[in-house]
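Notes to accompany the following structure.
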Amino acid sequence: MIRPFVKLTVPISGVPVRVSSQEADPNARVACHGFMIQVLPGNTGKIYVGTSQMSKATFANMVAILAVPTSNSIPTFSAALTLAPNAVHLHDLYIDADNANDGVIVSYLIA
């Protein structure tokens with residue numbers, strides 16, 4: 001079943017935001033089969049997906065860069081591990097943005 005998870009924005013560019021930061025316990029594991037991160041249509045810069053240690057300058061610990069949306073394209077990043085149910089943990093992912101207040105919508109796949 002696909003479930004919406006969160007609309008998440010980056011208040012300060014350069015400070016990664018944990019994907020599960022709006023949960024009651026942001027450090028708790030949010031297990032799923034897979035997820036999709038989609039940029040918000042109004043974003044004016046790129047979105048970066050990675051770990052808490054990601055670097056936009058060196059691309060270290062980064063797993064995806066999502067382009068600025070256009071009238072014809074809204075970029076997404078997704079990953080799944082369907083052979084191992086609930087093996088993906090959303091609390092391990094962070095986003096950053098070129099511009100403050102740009103963000104994403106996150107959805108996930110559960111059994």
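The numbers here are math on the coordinates, done by the rules we state, and not lab data. All figures in this text were calculated on a predicted structure; none of them were measured in a lab. Backbone-built Cβ (ideal geometry, glycine too); neighbour counts: all protein chains shown.
Rounded to a whole number, what is D in µm²/s for the chain from Stokes-Einstein with the Kirkwood radius over alpha-carbon pairs (20 °C, 1.002 mPa s)? Here the translational diffusion coefficient equals 153 µm²/s.
If only the Cβ of Lys and Arg carry +1 and only the Cβ of Asp and Glu carry -1, the dipole of the chain around its Cα centre is close to 100 debye.
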